[in-house]
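Everything on this sheet refers to the single structure shown next.
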Amino acid sequence: MEGKILGILVYLVGIFYLGYKAWKVTRKPTDYMLAGRQMSPFVLAMSYGATFVSTSAIIGFGGVSGMFGMSMLWLTFLTIFVGVFLAMVVFGKRTRRMGLALNCQTFPELLGRRYRSKFIQQFSGVLIFLFMPVYAAAVLIGICRMLEVAFPMVSYGAWLLVVTALVAMYVVTGGLRAVMYTDAFQGSIMAVMMLILIVTTYTLLGGVGDAHQALTDMAALVPEKLTAGGMNGWTQGPDIKSPIGLTIYTTLVYGVGLGVLAQPQLAVRYMTVPSDRELNRAVAIGGIFILLLTGVAFVVGALSNVVFYERFGEIAITTAGGNFDRIIPMYIDRIMPGWFSGLFLVAMFAAAMSTMSSQYHVSGTSLARDFLEQHVSIGNGGSSMKLNQLGVIIAVFATLVWAWVLPGNIIARATAFFFGLCAASFLPIYLLGLYWKGMTKIAAKVSMVGGFAASMFWLLFVHLQESAAIGLCQALTGQSSLAAGGEQGSWLWLMQWVDPNVVALPVSMALAVGVSLATRRMESKHLDLCWDGLC
Amino acid sequence: MMMGLGSVEIALAFWLSIGSAVLCVVYGIVNWNNKGAEPGKAVPEEDA
């Protein structure tokens, strides 16, 4: 216990030192919003990765992997190839250059200025402000549940308040510079801990091949309920045409794997570096970092079944009492050495704080810069740091409220929900806005609103997990999902488990292209400005 | 190649994860000093 407290105290000293350092040099709105556009490749890569991978990925998705197996490695592949490589090379460089040419400070502002539309900027800003706190709340819940287990003398509710206050303190005062400095520190801690975790786990099980083989040999132990849902084993992929297969591949792998490209808190980071060189270097650092984080979490999550079975004669989900969010914490607590569990707690604390800090920042600046500043006059015609700080404070409170009301087992689902919503609303107009001069303002508006509407319709009326929980479909049609009436096993019936994005993203993309072809091109003078520095 | 994994689908995901990390490292090293083009600064107009 003393070790855990000491570890956290030392960690907090580091965080507040970096927060103070950032605060001292944060004087202008550009410092607060874009870290002065002067970040190094190491800080960019670690901050990007640490923001992207939070307790959601490690505890939540690691737990999903403990329950459903290594098919989650497809998400690892996408997080590296799409989330780092394509994101920085295909999106990052153009975002940085276009952001600079159009003098943008936020992701909604980039979209708004690219299409010369205040509506796009405000709609994006409000959407991010309203829904980002749900995702942030999932991260907050994850770390507070973990702290509750580690320090049972402090209640869950008290942890919610303490963690919120700690993160809010340096985000409100130091802006994105504080967020990114602390992210880099937090990311380094996470990387070291994950490296120790994977080496220890493989060593415990006699090496890589033997560990995997032991898990493969346990296929017969998959609970009957999961087998009926389409699962075949922890190292075998699930049946695609099954509730589990569709959930894993459409929601977790496709939804999150592609959704990363349109994440505002990640996209804004491309604009924080002075040249493409930093992005190129960050690709190398980020690729390894993300492999260490998601790859290790998903492999260890799945292998925890072997370790738990050898030690206690039961599989991971049984040890965790049926709650997959508890699999990784239980594994760390019961299997790893005592000194590690204390340090891992610090790493998870770091993972949660690094993501939350960015979420607070992007949510607050979306409210302030992209919505409020469009309606109130700022003295010098520029941006107001105070207004953005106020926006961050409001986002912090919104997150706290969500954390209080959201149920358990929510971490992975809430992450997938937000990633999906962003992809459907922003991805087509963001991608085409960077590469296609024929993309028009009307098409951008129709695509963004259409993608959002399609995504929300699927969530409210088809995708069972949300439609049943929200209850609107039940109230209007008498069924928990419109697809529930289909014959069992048919594709119509299976639609209940198909992620909204499978439908909403193609709808949004088709609207963007179709409406652009039917409407007038934007002024070439404006397009030349957008393409300044781009080929 | 299978590394004890129970299906080609999962083994492929395992190797692609490692392969994509290697791709990132190689790309980063090859373009280590490539600064890219720099746009001129301008303040754009906005419509409603």
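No value in this document is a laboratory result; all are computed from the given coordinates. These numbers were taken from a predicted model, which means no experiment stands behind them. Quick reminder, even Gly has a Cβ in these numbers, built from the backbone with ideal geometry, and neighbours come from all protein chains shown.
Per-structure values
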quantity	calculated
At most 14 other Cβ within 10 Å, DSSP loop - trypsin sites (Lys or Arg not before Pro), region A:453-534	A:520, A:521
Gained length - residue A:492 relative to residue A:40, 0.36 nm times residue gap less alpha-carbon distance	157.7 nm
Span from the region A:3-62 Cα centroid across to the region A:491-535 one, whole angstrom	33
Those residues of region A:317-338 whose amide nitrogen sits under 14 Å from the label point placed on residue A:203, 7 Å along Cα→Cβ	A:336-338
At 0.692 mPa s and 37 °C, Stokes diffusion of region A:147-261 via Kirkwood alpha-carbon radius, µm² per second	177
Surface/4 estimate of mean projected area, convex hull on alpha-carbon atoms of chain A, nm²	24.1
Cβ-derived FRET efficiency at R0 45 Å, residue A:90 paired with residue A:16, nearest 0.05	0.75
Spacing of the two label points (7 Å from each Cα toward its C-beta) at residue A:161 and residue A:334, in nm	3.3
Where labels lie 7 Å past Cα in the beta-carbon direction, separation of residue A:153 and residue B:32 in nm	5.1
Net lengthening on full extension, residue A:310/residue A:528 (0.36 nm per residue, minus Cα-Cα)	72.0 nm
Mean Kyte hydropathy of -1.0 or more with a Cα span along the axis of at least 24 Å, helices from DSSP in chain A	A:2-25, A:118-150, A:156-204, A:338-368, A:385-405, A:411-435, A:441-461, A:500-518
Average beta carbon contacts from partner chains per residue of A:94-101, 10 Å cutoff	3
Potential lengthening between residue A:479 and residue A:397 on full extension [0.36 nm per residue; Cα-Cα distance subtracted]	26.0 nm
Sequence ranges A:464-470, A:353-359, A:279-285, ranked by mean other-Cβ count within 10 angstrom, highest first	A:353-359, A:279-285, A:464-470
